[in-house]
Amino acid sequence: MRMSTRLRRAAVAAALLLGSAASGAQELVVSAAASLTNAFQAVGKSFEQARPGAKVTFNFAASGPLLAQIQQGAPVDVFASADQETMNRAASANLIALSTRADFAANTLVLILPTASTQAPTQLSDLAGGAFRRISTGTPATVPVGRYTMEAIDKAGLTEALQSRWIYGESVRQVLNYVARGEVDAGFVYRTDALIEPGKTRIALTVPTGTPVTYPIARVAASSNAVLANEFIAYVRSAPGQDILQRHGFSKP
Amino acid sequence: MPALFVPLWLTLKVALLATLIAGVVGIALGWWLARRQFAGRSIVDSLLMLPMVLPPTVIGYYLIVLIGRNGVFGQYLDRWFGINLIFTWQGAVIAASVVSLPLVYKGARAAFEEVDGRFANAARTLGAGELEVFLRVSLPLAMRGIAAGLMLAFARATGEFGATLMIAGNLPGKTQTLSIAVYEAVQAGNDGHALWLTLVISVVCMVVLVASGRLLQSRH
């Protein structure tokens, strides 16, 4: 008898816990490129204030895995990637509402070093020197920063010279972490990422990219929350949204 | 096909070496804790079991702090010997050894405790030294329990993911084991490749389980 009362209490507690997670505000799930982490968290807060009743939940990762999740039917409302290519793949797989696609920010690729490094490369070809045994960037197949990096390395004719030195991160933020810890000798990230760890990393070079680093956003075609998704996209592109992005170092597309 | 065999070979190499390291260390510690009574014995026991209950990411972080390039020991490895363990397959071996150690240790300790102490004493009265008692009496008698622990350790090392990813990274051909290759294939939306890798790892694990079952039965 006592046991069954306890069980019932436990069941009620569990139901309350589950219920509180499911109920409440109108929820919007936004899958966004890892480099947008800090800026989008601020945009999300500001959006929630501007639109009472809305609750934005973010899912940050490299653009490639985010696309794979949407492809596999993850309940995502808005997708923001760090390159056009990933969004193009989403478009050709009919995963996004094409009319909602728009570029909302731009960035630059930079080469960063651990602050303690004694090196001072002035051009990409300096990386071929013996001091840079381990160089990090994102996995080119899934992480946009890896693709931008390989494009620049290819153009500089360094593909073979650097071939055995790459340490691939799962997202641009992991590359940043590897450099900040001093586990690698140099790494390629976006300028906005480098600004997050100013004490541990320093920017050595701004790397020109053949393809400009621009961020597209779009509503996911399967979103069950189209109105709110459109409002969020509009907010990101509005003056208050753009202000926040620029404060985090992004430029206009 | 090389896309399957390279991670498979790497996985087997890492798991075998990790089982070897965890085996030697785990059997020695199991033997020691099974027969010695000392203050703090239960603390040592808990410490050795910790890798089994801690999340692999926590193990990975501990290892980064210890053997990373700026780590507690890692900085000296780097400065004195030029050894870097992070992002190498040797680093993956260390991660897999740590997580599979409790399985060998627990099995070995239980097996040694079950061995009747009178056999060891009988050997001693016949003039056997401690090492001889261990090698020719206790170890053979405890072998079944130890073998079971070793098999489980090998299976655990084969599937190791979290700590390995943090220590060794995801470098195709260098540190990308089967479990990490599956993860990357799914991340990239490459489901066909993920399916193949999944089948390979499933077959490997089935072989280990069947082989260990046979091995244990035949000794019965």
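Throughout, read-outs are computed from the coordinates displayed, never taken from laboratory work. Owing to the predicted nature of the structure, the values given are computational and were not obtained by experimental measurement. Using ideal geometry, Cβ is built from the backbone for each residue, glycine included, and neighbour counts are taken over all protein chains shown.
Grouping the Cα pair distances of chain B into 10 Å bins from zero gives a pair-distance distribution of 8, 28, 31, 21, 10, 2, 0 percent in increasing distance order. Mind telling me which of A:G138, A:G187, A:G44 comes out most flexible in a GNM of chain A, alpha-carbon contacts under 10 Å? Of A:G138, A:G187, A:G44, the most mobile in the Gaussian network model is A:G44.
Only helical runs count toward this figure. For chain A, summing -39,500 (n - 2.57) over DSSP H runs of n ≥ 4 and dividing by all residues gives -12000 deg cm²/dmol at 222 nm. Our coupling estimate for the range A:221-234, obtained by passing each phi through the Karplus curve with A = 6.51, B = -1.76, C = 1.60 and θ = phi - 60°, is 4, 7, 4, 9, 9, 4, 5, 5, 4, 4, 4, 5, 4, 4 Hz, Gly and Pro reported as x. Skipping prolines and chain starts, which residues have an amide H placed within reach, meaning under 5 Å, of the one on A:F104, given they are 5 or more residues away or on another chain? Under 5 Å from the amide H of A:F104 lie the amide H atoms of A:Y215, A:I217, each far enough along the sequence or on another chain.
In this structure, the amide hydrogen of B:I83, modeled 1.01 Å from its nitrogen in the peptide plane, lies closer than 5 angstrom to those of B:D78, counting only residues at least 5 positions away or on a different chain.
Within chain B, the longest segment free of exposed loop sites, counting trypsin sites (Lys or Arg not before Pro) that fall outside DSSP classes H, G, I, E and B and have at most 13 other Cβ atoms within 10 Å, spans B:37-218.
FRET efficiency for the A:K55 to A:T115 pair, using the beta carbon distance and R₀ = 45 Å, is estimated at 0.70.
Ranking request for peptides A:111-122, B:42-53: highest mean number of other beta-carbon atoms within 10 Å first, then the rest in descending order. Could you put the intermediate results ahead of the total?
On the way: A:111-122: 16.2, B:42-53: 13.9.
Answer by packing, highest mean first, reads A:111-122, B:42-53.
Charge tally for A:T142 (other residues, Cβ to Cβ under 12 Å; Lys, Arg +1; Asp, Glu -1): -2.
Working note: Karplus 6.51/-1.76/1.60 with θ = phi - 60° gives the range B:42-50 the couplings 5, 5, 4, 4, 5, 4, 5, 7, 3 Hz, where Gly and Pro are set to x.
The Rg/Rh ratio for the range A:87-130, using Cα coordinates for both the radius of gyration and the Kirkwood hydrodynamic radius, is 1.30. Return a whole-number percent for the relative contact order of the range B:2-218, with Cα pairs under 8 Å and 6 or more residues apart as the contact set. Relative contact order, the range B:2-218: 31 percent.
For the protein assembly as shown, rounded, prolate or oblate, judged on the Cα gyration tensor with a ≥ b ≥ c (square roots of eigenvalues), a/c < 1.5 rounded, else prolate if a/b > b/c?
Values: a/c = 2.32, a/b = 1.61, b/c = 1.44.
Taking the square roots of the gyration eigenvalues as a ≥ b ≥ c, the protein assembly as shown is prolate.
Going down the list A:K200/A:K252; A:K155/B:K174; A:K45/A:K155; A:K45/A:K252; B:K13/B:K106, which pairs span over 29 Å between their C-alpha atoms? Pairs exceeding the cut-off: A:K45/A:K155.
Quick one: net charge of A:R219's neighbours, Cβ under 14 Å, K/R +1, D/E -1?
On the way: positive: A:R101, A:R237; negative: A:D77, A:E231.
Here the count lands on 0.
Would you calculate the convex hull of the Cα atoms in the range A:59-217 and tell me its volume per residue in Å³?
Details: hull volume 17.4 nm³, N = 159.
Spelled out: Cα convex hull of the range A:59-217, divided by residues, is 110 Å³.
Near the amide H of A:L28, within less than 5 Å, lie the amide hydrogens of A:K55, A:V56, A:T57, all on another chain or at least 5 residues away, with H placed in the peptide plane.
Please figure out what share of the DSSP beta bridges in chain A is antiparallel and state it in percent, rounded to the nearest 5. Mind dumping the intermediate values first?
Numbers: 20 of 37 bridges.
Here the antiparallel bridges make up roughly 55 percent for chain A.
The label point for A:K252 and the one for A:A93, both projected 7 Å from the Cα toward the Cβ, are 3.4 nm apart.
Which percentage, to the nearest 5, of the DSSP beta bridges contained in the range A:111-238 is antiparallel?
Details: 6 of 12 bridges.
Given both bridge residues lie in the range A:111-238, the antiparallel proportion sits at roughly 50 percent.
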